[in-house]
Amino acid sequence: MRYLPALVVGASLGVIAGVGGYTFVYAKGASYLTNDPAACANCHVMNEQYDAWLKSSHHAVAVCNDCHTPHALVPKYTTKGLNGFWHSYAFTTGDFAEPIQITGRNRRVTEGACRQCHADMVHAIEGVATGEDDSISCIGCHRNVGHLH
C-alpha cells in the first residue's frame, strides 16, 4: 500500500512517455528538427502552402525555417517547439481554421525575417507612416511572395 503513490506516478509517466513517443514517431517528429521544407507538408493542411512555395520566387533562396523561425539558435527552436505543440494540438483536436491562418507571433517572426534578409532595401521604407501602426509591413504588401497563390 505504501508503494501505491510511486506506482501511480510511474504508470502515469509511462503512459505519457508512451503516448508522446508514439505521437512523435507517427507525426514524423524528427523531420521537424531538419531544414527540409517537405517536413512542413507532413500534415495535409500544409500541402497548399508547400505547393505554393514550390512555385514561388523564394523557392530557390529560402526554406520554411528561413522565413518562419528566428535565425538565432534558442529563439529558432523555441518557435519550432511552440509551433510543434500548438500544431499538434490543433490538428489532433481539429481546432484550426481552413485555410490555415498565421498567428500574430508567427507573423512578427516572418516580418522580422523579411526585414533581415532584405535589409538593404527595407531601410528606405523604415518609418513611413501608414496610419495603422506607423510602419509598413512587408508581408502586408507582399503576402504572396513566399507562397505564390
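Only the coordinates and a few stated rules stand behind these numbers; no lab work does. Given the structure is predicted, the values throughout are model-derived calculations rather than measurements. Quick reminder, even Gly has a Cβ in these numbers, built from the backbone with ideal geometry, and neighbours come from all protein chains shown.
Listing for the model above:
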| read-out | value |
| --- | --- |
| Choice from 38, 119, 62 showing the highest fluctuation, given a GNM over the chain with Cα pairs closer than 10 Å | 119 |
| Furthest towards positive pole of dipole, 102, 69, 54, structure part the chain, Cβ charges | 69 |
| Inter-label distance for residue 101 and residue 3, nm, one decimal - labels placed 7 Å from Cα along Cα-to-Cβ | 5.3 |
| Size of charge dipole - the range 34-141 - debye, nearest 20, with Cβ of Lys, Arg +1 and Asp, Glu -1, no other charges | 300 |
| Residue 25 paired with residue 141, simple spin-label distance in nm, labels 7 Å along Cα-to-beta-carbon | 5.1 |
| Mean separation of Cα contacts under 8 Å (6+ apart) over length of the chain, as relative contact order % | 26 |
| Using distinct alpha-carbon pairs, which all enter the 1/r mean, Kirkwood radius of the chain in Å | 17.8 |
